[in-house]
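Undergrad: Handing you this structure, nothing more for now.
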Amino acid sequence: MPQGATISRHRRCASTLSSFGLGVFHRTYATHGGRRAEPKGLERGAVREEPVTMDLDIDAETYLRGLAQQPDAEIDIGEAALVLAACDRQRVALDRYRDHLGTLTEEVGAAAMAVDGLEGRVAALRAVFVERHGYAGDTLTYDDLQNANLLRVIDRRKGLPVALGILLLAVAQRLDWDMVGLNFPGHFLLRLDCGGARAILDPFEGCRERSVPDLRELLKAGGRPDAELLPSHYAPVGRRDVLLRLQNNIKLRLLQSKDAARALRVVERMLWIAPGVPELMREAALLNVHLGRLQTAIAQLEAYLEVERGQQARHRMATLLQDLRNRLN
């Protein structure tokens, strides 16, 4: 796949989305509260205590709504991504996928003990994820929805950059390594810090380290030859926002295929974990308008107008709200 293809593909979605009256959800990297916990200094290679996982007697909605109440640093990104994936594969048991995350964690931790420091950790990630388990970016069927469903990513050992990145983040979280997603546009990247050293990793390219010239090339390859790297492109993003980015990829593909009903279900899940985000509230309302669910859309627009602060957006949606009320009278 040519460099920048993910960025240009994202932009080409705009014409499809306009047919639904929707814009692309760009708050993927906005913070929704919580700070990343400082490393606790586990012994090198040690695995931290397993985080609490979803009780199978509790449904996915209850679990995901519970994430909205958790500080960002306490979200188990691996478990959350598995539960989100299970929403589309409800008859699939999650135990073996959790076991696989545990196996990856143990193997990476053991491999990292051989060489101390950042170099050893990067080598361990490559050895386990790429060489031993065969994880890779899907360059042939990039837009396949399976590439954004973590269950299918694990089954197929390939996926989108953000889905592969979540697997790496999940392992790093369990090992208490200092790894975060970055606010880089169009192509999901990770930053790994250790002992004062730092590496930017590309999960889609086999954990390849990206240099500053690489990042510049990625940025310009997205159809913006005059674009320059900014400090904001290196800014860390929270786990909640990484999950939103994953779901946003699914939503965009469903909208491209004109499947508004399934796209709405994805937006609703995004609102479970990030309630009160104006852009998501607006998208849910507009999709309900498209589907003819006017009463629901009216209620959602009323709630949206209570939190939206942008005057132009408020004016447009207030006009739509009045039109919907008139249609029902």
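Undergrad: Would you check if there is a residue in segment 265-272 being open to solvent by 20 Å² or more (accessible area, probe 1.4 Å), in contact with a helix residue (DSSP H, G or I) (Cβ under 6 Å, 6 or more places away or on another chain) and under 20 Å from GLU74 (Cα atoms)? Even if it seems obvious, please write down each step before you answer.
TA: Step one: filter segment 265-272 for residues open to solvent by 20 Å² or more (accessible area, probe 1.4 Å), giving 265, 268, 271-272.
So of that shortlist, the ones also in contact with a helix residue (DSSP H, G or I) (Cβ under 6 Å, 6 or more places away or on another chain) come out as 271-272.
Those still in the list that are under 20 Å from GLU74 (Cα atoms) too: 271-272.
Checked against the condition, which is being open to solvent by 20 Å² or more (accessible area, probe 1.4 Å), in contact with a helix residue (DSSP H, G or I) (Cβ under 6 Å, 6 or more places away or on another chain) and under 20 Å from GLU74 (Cα atoms), segment 265-272 yields at least one hit.
Undergrad: In segment 77-101, how many are more than 26 Å from ARG132 (Cα to Cα) and open to solvent by 10 Å² or more (accessible area, probe 1.4 Å)?
TA: If we filter segment 77-101 for residues that are more than 26 Å from ARG132 (Cα to Cα), which is where we start, we get 84, 87-91.
Narrowing the set further to residues that are open to solvent by 10 Å² or more (accessible area, probe 1.4 Å) leaves 87-91.
So the count comes out to 5.
Undergrad: Then there's this: Tell me, yes or no, whether segment 133-155 has at least one residue that is under 22 Å from GLY238 (Cβ atoms) and of a type in the set (D, E, K, R). Working first, answer last.
TA: Taking segment 133-155 as the starting set, the residues that turn out to be under 22 Å from GLY238 (Cβ atoms) are 148-150, 153.
Next, from what is left, pick out any that are of a type in the set (D, E, K, R): none.
Within segment 133-155 (the criterion being under 22 Å from GLY238 (Cβ atoms) and of a type in the set (D, E, K, R)), the answer is no, since none of the residues qualifies.
Undergrad: A further question follows. Name the single residue that is most open to solvent (accessible area, probe 1.4 Å) among those in segment 284-329 being touching a residue at least 40 places away in the same chain (Cβ under 8 Å) and in contact with a Gly (Cβ under 8 Å, 6 or more places away or on another chain).
TA: Filtering segment 284-329 for residues touching a residue at least 40 places away in the same chain (Cβ under 8 Å) gives 286-287, 289-290.
Of the ones still in play, those that are also in contact with a Gly (Cβ under 8 Å, 6 or more places away or on another chain) are 286, 289-290.
Values: LEU286: 20, VAL289: 33, HIS290: 100 Å².
Among residues in segment 284-329 that are touching a residue at least 40 places away in the same chain (Cβ under 8 Å) and in contact with a Gly (Cβ under 8 Å, 6 or more places away or on another chain), the one most open to solvent (accessible area, probe 1.4 Å) is HIS290.
Undergrad: Restrict the check to segment 27-41 and report whether at least one residue is closer than 26 Å to TRP272 by Cα and at pLDDT 95 or above.
TA: Of segment 27-41, the ones closer than 26 Å to TRP272 by Cα are 27-37.
Subsequent filtering for residues that are at pLDDT 95 or above retains none.
No: zero hits.
The values are calculated or read from the model by the stated rules, or taken from the named source; none is laboratory data. The structure presented is a predicted model; accordingly, all values stated were derived computationally and were not measured. Counting neighbours? That spans all protein chains shown, and the Cβs are built from the backbone with ideal geometry, glycine included. Keep in mind that these areas ignore ligands, DNA and RNA; they rest on the heavy atoms of the full protein, side chains included. Shrake-Rupley method; radii C 1.70, N 1.55, O 1.52, S 1.80 Å.
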